[in-house]
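Note sheet for the following structure.
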Amino acid sequence: MTFADRELSQLLERSEGLAGAACVEARARLNPSSGSCWIAEAEGYALFDGPESPVTQTFGLGLFEPVAPASLDRIESFFFDKGAPVNHEISPLADSSLWDLIHQRGYRPIEFTSVLYRDLRHHATDAPEPSNIDVSIADASELDVWAATAARGWSDSFDWPDPLTDLMRMAASARGVTTFLARIDGIPVATAALNIQNNVAFLAGGATIPEARRKGAQRALLNARLSHAVEEDCRVAAMGAAPGSTSQRNAEREGFRIAYTRTKWSRSPL
């Protein structure tokens, strides 16, 4: 059994940091003028993908070692020099000295995330799916279709200054990502992605176009991704959701458990 402890948090946060780094590398490859880049500091990852990007933040601080003030200085300079706020996604299992440090520097909490996980070592791969929904892995020739469908699915809930299709192409092109597309009567209606890092399967990118919601597409996509993760020898599947949200409830219905609730702490440029 996989327990919700510090060891699990270290595994999930490091793996998600690697996933974020892969996204940043994809952006830099697709758009060299973006300035997207990342650094490792204090056993964590600091990711920059533009001042307003949700990818621009840190992962893993304080989980592997106490964070020295000099390390936080370097991380803050990394973001502030680019005109970006400093956002830290911090596990509640991080070293307690980090709380005093960020409090002294004027950080404020701006977001909470339920980090959910499911042990895949005994996962059954024969869960029934709605018969009218066809799910397949989207290959390179379907990248534009996947990105356009995902953008339609997110358009009513995602605040992003650039074309959403660009963000979706970046996410789909990152190292370790496999994209999935759901169709009803041959028409693309929903998307999802799986990002595998360190044998951890991160579920993300779930979006359904408005007129096809509540028809079982996301459940079919979840089953397909979990089965694929098992085939790839992943030990754990993980995802993030807003606390108490529909996404969290749906994940719990499918056997996911809450590992911990993560807090995003923010400080604006000086």
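Quick look at the values:
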read-out	value
Per residue accessible area in Å² of the chain, where ligands, DNA and RNA are left out and the probe is 1.4 Å	46 Å²
Per-residue HN-Hα couplings for segment 230-241 [Karplus 6.51, -1.76, 1.60; θ = phi - 60°; Hz; x = Gly/Pro]	4, 4, 8, 6, 6, 8, 9, 9, 9, 7, x, 8
Local electrostatic count at Pro66 - Lys and Arg +1, Asp and Glu -1, tallied over other residues with Cβ under 12 Å	-4
Listed residues Lys215, Lys82, Lys264 arranged by accessible area, highest first, probe 1.4 Å	Lys215, Lys82, Lys264
Under 5 Å, built H, 5+ apart or other chain: amide partners of Val236	Leu120, Ala201
Lys/Arg +1, Asp/Glu -1 at C-beta; the chain dipole; positive extreme among Thr58, Leu30, Gln104	Gln104
Solvent-accessible surface (1.4 angstrom probe) belonging to Val145, in square angstrom, nearest 10	60 Å²
Dipole magnitude of the chain, debye to nearest 20 (Cβ charges: Lys/Arg +1, Asp/Glu -1, about Cα centre)	440 debye
Area projected by the alpha carbon convex hull of segment 1-134, averaged over all directions, nm²	11.1 nm²
Shape call, segment 157-232: gyration tensor on alpha carbons, a/c limit 1.5	oblate
Listed residues Glu232, Glu89 arranged by accessible area, highest first, probe 1.4 Å	Glu232, Glu89
Sequence of Arg235, Arg214, Arg183, Arg121 when ordered by accessible area, the most exposed leading, probe 1.4 angstrom	Arg214, Arg121, Arg235, Arg183
Student exercise, segment 33-118 dipole from Lys, Arg, Asp, Glu Cβ charges, in Debye to nearest 20	140 debye
Per-residue SASA entry for Asp139, accessible area with 1.4 Å probe, Å² rounded to 10	80 Å²
Selected from Ile196, Val177, His228, residue furthest toward positive end of dipole (segment 160-238; charges at beta carbon)	His228
Probe 1.4 Å - accessible area at His103, Å² to nearest ten	140 Å²
³J(HN,Hα), Karplus 6.51/-1.76/1.60, whole Hz, each residue of segment 177-187, x for Gly, Pro	9, 10, 9, 10, 10, 9, 10, 10, 6, x, 9
Carbon plus sulfur fraction of accessible area for the chain, probe 1.4 Å, in percent	50 percent
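The values are calculated or read from the model by the stated rules, or taken from the named source; none is laboratory data. Every value quoted in this text rests on a predicted model; they were computed, and no experiment measured them. When we count neighbours, we look across all protein chains shown, and the Cβ atoms used for this are built from the backbone with ideal geometry, even at glycine. Ligands, DNA and RNA are excluded from the accessible area calculation, which covers all protein heavy atoms including side chains. Shrake-Rupley method; radii C 1.70, N 1.55, O 1.52, S 1.80 Å.
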